[in-house]
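This report refers to the structure that appears directly beneath it.
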Amino acid sequence: MPKSKRDKKISLTKTAKKGLESKQKLIEELRKCVDTYRNLFIFSVENMRNNKLKDIRTAWKHSRFFFGKNKVMIVALGKGQTDEYKDNLHKVSRYLCGEVGVLFTNKTKDEVREYFNHFKEMDYARAGNKAQMDVTLEEGPLEQFPHSMEPQLRQLGLPTALKKGVVTLLKAYDVCKEGDVLTPEQARLLKLFAIEMAEFKVQIKCMWNSETGEFESLAAEEEQMEEKEDEEDDDAE
């Protein structure tokens with residue numbers, strides 16, 4: 001009887017070695033970028049979407065992005081003054097927590113901020129996101145859905161039925177209220193009705209210049225700029 005592939009034994013020492021090698025390679029790549037590029041920026045991402053980040057990477061082929069593995073990146077840059085790779089990089093490491101990434105570029109601070117302040121795209125909210133507005137569906141036919149979808153809509157909580165082969169909402173239905181933490185069912189309904197509520201955006205937290213070794217925190221400035229933009233949008237409306 002042939003041996004099952006499931007019986008194959010994996011050496012844990014090999015697995016550990018491979019993981020260690022990939023971490024070491026990342027550390028080397030990060031330090032090489034520190035030596036190569038003029039500026040380093042830490043950015044945070046709100047409503048992370050891999051496809052949106054991919055679009056940014058494509059538009060910024062002249063630069064390098066690193067996202068995830070914060071602990072390894074801290075080791076590469078340095079936790080404190082005694083082990084930092086270059087002067088003041090330990091200050092950058094303090095920002096490496098949560099959903100953040102590192103951007104290495106020769107673009108200036110103004111060019112980076114100009115691009116990312118305007119790169120904001122809407123997408124469908126996911127379970128766990130907060131509802132940005134009230135959404136109520138009115139009673140009546142839902143002609144955008146085929147009759148085969150009716151059981152699925154009912155399963156998601158909608159009071160529906162088939163009337164002459166047309167999916168029909170029997171009474172008005174509140175999908176969500178502003179501020180609600182969305183359930184998987186609510187998120188699915190919002191997507192089915194093509195209602196986008198999650199805004200993908202990038203915020204620049206800090207920067208470090210390789211030529212001068214200067215570190216600058218930008219988080220407070222970014223928040224002020226966003227508030228100003230929001231005020232201008234409100235005035236325009």
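Observations on the structure shown:
- Hey, ARG64 within 24 Å of ARG38 (Cβ to Cβ), in contact with a Leu (Cβ under 9 Å, 6 or more places away or on another chain), open to solvent by less than 80 Å² (accessible area, probe 1.4 Å) and of a type outside the set (S, T, N, Q) or not: no
- Hey, ASP35 modelled with pLDDT under 85, of a type in the set (Asp, Glu) and either exposed (fewer than 13 other Cβ atoms within 10 Å of the Cβ) or under 30 Å from LYS130 (Cα atoms) (or both) or not: no
- Each residue in the stretch 65-84 was checked for being in contact with an Asp or Glu (Cβ under 9 Å, 6 or more places away or on another chain) and more than 28 Å from ASN50 (Cα to Cα), and 1 of them qualify.
- Residues satisfying the stated conditions in the stretch 175-195, i.e. assigned to a strand (DSSP E or B) and surrounded by 12 or more Cβ atoms within 10 Å (Cβ to Cβ): VAL175, CYS176
- For first residues located in the stretch 143-160 and in contact (Cβ under 8 Å) with a residue 24 or more places away in the chain, partners that are surrounded by 13 or more Cβ atoms within 10 Å (Cβ to Cβ) and part of a loop (DSSP other than H, G, I, E, B) and lie 6+ apart or on another chain with Cβ distances below 8 Å form the pairs LEU153/LEU142; LEU153/PHE145.
- Among the criteria (1) in contact with a helix residue (DSSP H, G or I) (Cβ under 6 Å, 6 or more places away or on another chain); (2) modelled with pLDDT under 95; (3) open to solvent by less than 90 Å² (accessible area, probe 1.4 Å), the one LYS23 does not fulfil is (3).
- Test: GLU232 is assigned to a loop (DSSP other than H, G, I, E, B), at pLDDT below 95, charged (D, E, K, R) and open to solvent by 60 Å² or more (accessible area, probe 1.4 Å): no
- Taking first residues from the stretch 193-206 that are on the phi > 0 side of the Ramachandran plot and partners that are part of a strand (DSSP E or B), no Cβ contact under 6 Å between residues at least 6 apart in sequence or on separate chains turns up.
The values are calculated or read from the model by the stated rules, or taken from the named source; none is laboratory data. For clarity, every value in this text was computed on a predicted model and none was experimentally measured. Cβ atoms come from the backbone with ideal geometry, glycine included; neighbour counts cover every protein chain shown. Quick note on the areas: whole protein, heavy atoms, side chains included, nothing else; ligands and nucleic acids left out. Shrake-Rupley method; radii C 1.70, N 1.55, O 1.52, S 1.80 Å.
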